[in-house]
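One structure below.
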Amino acid sequence: MSEVGRAALLVCLALALYATVAGAFAARERRRRLAVSAQRALYAAFASAVVASIVLFSALLRHDFSFVYVADHTSSKLPWYFCLSAFWGGQEGSLLLWLLVLTGFAAAAVFLQRRAQDLIAWVVPVLGICGVFFAFVLVAVTSPFATQVRPAEGFGLNPSLQNPYMIAHPPALYLGYVGLAIPFAFAMGALLSGRTDERWIIVTRRWTLIAWAFLGIGQLLGSHWAYEEIGWGGYFAWDPVENAALMPWLAATAFLHSVMVQEKKGMLKVWNMLLVALAFNLSIFGTFLTRSGVLNSVHTFTEGPLGPWFLGFLCFSVVGSLALILWRLPLLRSKTKLESLISREATFLYNNLLLVALCLTILWGVAFPMLSELVRGTTVTVGQPYYNFFLRSFGLPLLLLMGIGPLIAWRRASLKSLGRTFVIPAITAVVAGIALLIAGAGSSTPGMIAYTFSAFVLASIVLEFWRGTRARRTLSNVGWLRALGELVSRNRRRYGGYVVHAAIVLLAAGIAGSSAYGKETEGKLKPGQSLSAGGYTVTYRSLTREPKGNHVELRALVDVYRGGKQVGVMAPGKNEYFAEQQVSNEMAIRTDFLRAEDLNLILDQPNEDGSIFLKMVVKPLVNLIWLSGLIFVLGSVITLWPDAREQRRLVARYQSARAHGRA
């Protein structure tokens with residue numbers, strides 16, 4: 001079976017190489033039949049990647065330890081469902097997943113646009129280059145199909161990966177990372193062909209939304225995994241690899257906003273090309289960070305030979321995309337100018353500048369320690385205060401703009417009309433701020449500003465829905481619920497975006513509440529002793545040990561009291577894994593929905609005399625973060641849901657752009 005896997009990867013490499021060379025030649029010489037052949041090579045490359053993936057997954061399920069990868073990442077006692085995590089839990093398997101998703105997305109994107117040969121002529125070789133690189137590293141640098149004399153037992157899976165969230169979190173991130181290759185390929189194809197109209201944007205809008213949505217969902221799943229599994233009472237630590245996932249999402253968010261300006265006004269063409277190149281290259285940069293060995297993180301793989309290869313591919317991609325943009329700069333210049341600094345397109349531009357500024361400051365924070373070690377030989381750590389400062393500096397104005405942008409007019413708006421438009425959101429924000437001060441929430445200035453801005457944005461969103469629903473109800477003479485449904489269904493992109501904005505507001509409120517108003521304490525406890533924080537008192541009762549499958553569960557039984565009344569029993573602890581010979585933290589979480597807060601107990605250290613070191617963390621409003629994830633998914637689905645009316649508008653616009661391109 002290992003030979004079948006190797007052969008499938010070799011075939012995939014050969015097909016991707018053929019798609020690159022034949023596709024480029026066909027595009028240059030306008031050879032239609034050869035171009036179709038190159039497209040079919042991409043379809044076949046996906047089939048080869050599927051075969052290779054089936055071989056590896058089958059070996060993982062069978063615990064075939066003659067595969068080095070299987071022995072390194074599973075054991076005979078590992079539950080079958082965590083074999084899914086093992087597939088992408090190691091270096092080689094995760095790269096195979098990347099290749100599988102890349103070839104699958106490439107085949108689907110090309111197939112859906114197969115009739116528009118002039119549009120995808122140069123897209124095929126661009127996607128082919130990406131496929132060649134990932135297939136090459138799996139064939140020549142680090143193969144998932146290396147074999148050995150079969151050992152009696154495997155080394156097992158990293159305990160932190162033996163969590164249900166790790167079945168969904170990495171694939172979601174990969175769908176986001178790899179999905180960004182599609183708009184990038186169409187953008188570069190448009191530059192290579194000299195057809196820099198808006199067709200590539202129209203075709204790739206839904207692909208960009210899919211990648212952006214999966215990146216966002218993947219990060220929220222990862223945050224919840226860190227919150228439950230790592231056992232430190234937090235959900236985001238500005239870890240370099242966490243940042244590496246956040247940066248392309250920020251760039252893609254900026255692109256999705258600015259692309260609306262290009263569609264409406266024909267502006268920001270150069271900016272959009274730069275943003276789509278930035279988003280894709282940041283996804284490659286994140287992959288480089290996890291595989292180069294330059295970082296020590298819970299998210300990274302062991303040091304290996306991949307670092308120089310990924311760095312070379314990243315440099316090639318950055319230089320190549322910038323060269324193409326500079327080459328086609330005369331074609332990208334816009335004839336339309338910004339008419340007013342007070343307009344919707346202007347707010348989108350401000351939004352873009354803040355998003356890119358936040359993205360680049362995070363990039364600098366990630367890169368500076370590596371550059372310092374390279375140049376000066378010493379590593380300078382960039383800590384949370386740096387990131388928190390810029391998050392407040394750029395994030396709070398971004399939050400406010402989410403409430404301003406939807407209500408302000410295109411082209412230009414007068415100060416008088418602005419006053420009428422924003423009177424209700426402004427009053428709502430002031431009332432919310434006063435209520436928070438009365439409730440005693442004024443101890444954190446950034447938290448107060450975040451909550452006040454959140455109230456402003458939510459009021460703006462509700463106002464937009466109310467105005468639209470009222471107008472729809474008047475026109476159709478239907479009930480309020482049906483009018484709301486018709487409103488959303490007739491403009492899913494716009495109102496789905498508002499739902500996503502509401503999710504971001506809840507996310508901001510959850511982050512502000514849990515970080516600004518959280519309480520924590522820790523101490524050594526003997527049976528019968530107590531610890532208090534945030535209105536809770538916990539009393540340590542006893543320590544238990546119990547064998548469970550491939551590990552032993554060590555749990556501290558703790559009684560929880562609030563206001564002198566027992567409200568529950570919690571059991572923080574650790575899992576001791578046999579094959580892996582590792583110990584994982586198992587945090588206990590008690591959620592109080594009425595008080596909108598979590599109590600987290602973390603067993604830092606059990607002692608032989610029966611005493612423990614216990615950490616107690618109270619997180620107000622943290623569940624708004626997870627609720628925001630559900631609302632984010634809802635908004636993304638609304639935005640992505642097929643709409644016949646929108647499709648007709650896109651077809652008409654596409655035909656117009658195509659006629660303009662021919663002219």
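Taken together, the values in this text are just the output of simple stated rules run on the coordinates, not laboratory data. As the structure is a computational prediction, the values presented were derived from the model and not from experiment. As a convention, Cβ positions derive from the backbone with ideal geometry for all residues, glycine included, and neighbour counts pool all protein chains shown.
Placing +1 on each Lys and Arg Cβ and -1 on each Asp and Glu Cβ, with no other charges, gives the stretch 436-561 a dipole about its Cα centre of roughly 600 debye.
Over the chain, the Kirkwood radius and the radius of gyration, each from Cα atoms, give a ratio Rg/Rh of 0.99.
Principal axis extents of the Cα atoms in the stretch 519-620, from largest to smallest and rounded to whole angstrom, are 43, 28, 19.
Give the range of the longest stretch in the chain that excludes all GluC sites (Glu not before Pro) found in loop regions by DSSP and having at most 16 other beta-carbon atoms within 10 Å. Here the longest segment lacking exposed loop sites spans 340-607.
When each of H224, H257, H169 is scored by the number of other beta-carbon atoms lying within 10 Å, the sequence from fewest to most is H224, H257, H169. In summary, the lysines within cross-link reach of K269, defined as a Cα separation below 20 angstrom excluding same-chain residues under 8 places away, comprise K335, K337. Paramagnetic label reach from V462 (point 7 Å along Cα→Cβ; backbone nitrogen cut-off under 16 Å): within the stretch 420-442, residues 422-436. For the residue pairs K524/K548; K548/K574; K526/K574; K77/K548; K524/K574, the alpha carbons lie more than 22 Å apart in K524/K548.
When only Cα pairs below 8 angstrom with a gap of at least 6 residues are kept, the chain shows a relative contact order of 11 percent. Which lysines have a Cα less than 21 Å from the Cα of K619, not counting those fewer than 8 places away in the same chain? Output for K619: K519, K565. Couplings for the stretch 249-260, taken from phi via the Karplus curve 6.51 cos²θ - 1.76 cosθ + 1.60 with θ = phi - 60°, read 5, 5, 5, 5, 4, 4, 4, 5, 6, 6, 5, 5 Hz in order; Gly and Pro are left as x. Among the trypsin sites (Lys or Arg not before Pro) within the stretch 1-81, those in coil by DSSP and having at most 16 neighbouring Cβ atoms inside 10 Å are R30, R31, R62, K77.
For the pair the stretch 432-478 / the stretch 343-409, the C-alpha centres are spaced 25 Å from each other. Taking every C-alpha pair closer than 8 Å and separated by at least 6 residues, the mean separation divided by the residue count of the stretch 404-504 gives a relative contact order of 24 percent. So what's the net charge close to G635: Lys and Arg +1, Asp and Glu -1, counting the other residues with Cβ under 14 Å from its Cβ? Combined, the nearby Lys, Arg, Asp and Glu give +2.
Using only side-chain charges placed at the Cβ, +1 for Lys and Arg and -1 for Asp and Glu, the dipole size of the chain relative to its Cα centre rounds to 3760 debye. Applying 1/(1 + (r/R0)^6) with r as the Cβ-Cβ distance of T378 and C315 and R0 = 30 angstrom yields a FRET efficiency of 0.75.
Taking the number of Cβ atoms within 10 Å of each Cβ as an exposure proxy, the fewest-first ranking of T428, T336, T204 is T336, T428, T204.
Based on the convex hull around the alpha carbon atoms, the stretch 307-353 presents an average projected area of 4.9 nm². Approximating the spin labels as points 7 Å out from Cα along Cα→Cβ, the F155-to-R333 distance works out to 5.8 nm.
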